[in-house]
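The structure under discussion appears below in the form of structure tokens.
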Amino acid sequence: MSEATLDAQQTITLTEKAIAEISNIKQENEIPDEFGLRIGVKGGGCSGLTYALGFDSEIKETDEVLEIEGVKVVIDAKSMFYLGGTELDYTDGLQGKGFVFNNPNAQRTCGCGSSFGA
């Protein structure tokens, strides 16, 4: 696992499988290196908040920018409040393929795993 530390309370971790899949997606879709992987949360979903994940070329002054094993990760300040300590993983098991957020701040989650409450 790779980890970037913002301070003692807030860390974001990417597993090796997540790093490999992010690299594959960037390569297959010819996404330029200057684009960062934006990780965030927004209102919605059955538990109150839902995860957002995508590539973004726009970095705002208030964004945290981390370099984790060659992956530029961009997180807005509001999302960082909910994502501190989160591990981003990738699974390709029997239940399907996709990124998985292992978030210690989530007090409840929904059955689909893409929505949570804090």
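Listed by position, the strands (runs of 3 or more DSSP E) inside the stretch 1-85 whose residues that are modelled with pLDDT under 90 number at least 2 are 2-5, 11-14, 36-43, 49-56.
Out of all the residues in the stretch 55-70, which are at negative phi and free of Cβ contacts under 8 Å to residues at least 60 places away in the same chain?
Phe55, Asp56, Ser57, Glu58, Ile59, Lys60, Glu61, Thr62, Asp63, Glu64, Val65
Of all residues in the stretch 71-107, those being within 19 Å of Gly43 (Cα to Cα) and of a type in the set (Ser, Thr, Tyr) number 3.
Within the stretch 84-107, residues that are within 22 Å of Ile68 (Cα to Cα) sit with their Cβ atoms under 8 Å from residues that are aliphatic (A, V, I, L, M) and at pLDDT below 80, at 6+ positions apart or across chains, in these pairs: Gly84/Leu6; Glu87/Met1; Asn105/Ala118. Of all residues in the stretch 86-106, those satisfying the criterion of being part of a strand (DSSP E or B) and under 14 Å from Leu14 (Cα atoms) are Thr86, Glu87, Leu88, Asp89, Tyr90, Thr91, Gly98, Phe99, Val100, Phe101, Asn102. Out of all the residues in the stretch 49-64, is one or more loosely packed, with under 15 Cβ neighbours inside 10 Å and aromatic (Phe, Trp, Tyr)? No, the stretch 49-64 contains no residue that is loosely packed, with under 15 Cβ neighbours inside 10 Å and aromatic (Phe, Trp, Tyr). Selection of the stretch 65-85 for residues being surrounded by 15 or more Cβ atoms within 10 Å (Cβ to Cβ) and aliphatic (A, V, I, L, M) yields Leu66, Ile68, Val71, Val73, Val74, Ile75, Met80, Leu83. Of all residue pairs spaced 6 or more apart or on separate chains, those with beta-carbon atoms under 8 Å, a first member in the stretch 11-26 that is crowded, with 16+ Cβ neighbours inside 10 Å and a second member that is assigned to a helix (DSSP H, G or I) are Ile12/Leu83; Leu14/Ile22.
The values are calculated or read from the model by the stated rules, or taken from the named source; none is laboratory data. These numbers were taken from a predicted model, which means no experiment stands behind them. Here Cβ is always computed from backbone atoms with ideal geometry, including for glycine, and neighbour counts include all displayed protein chains.
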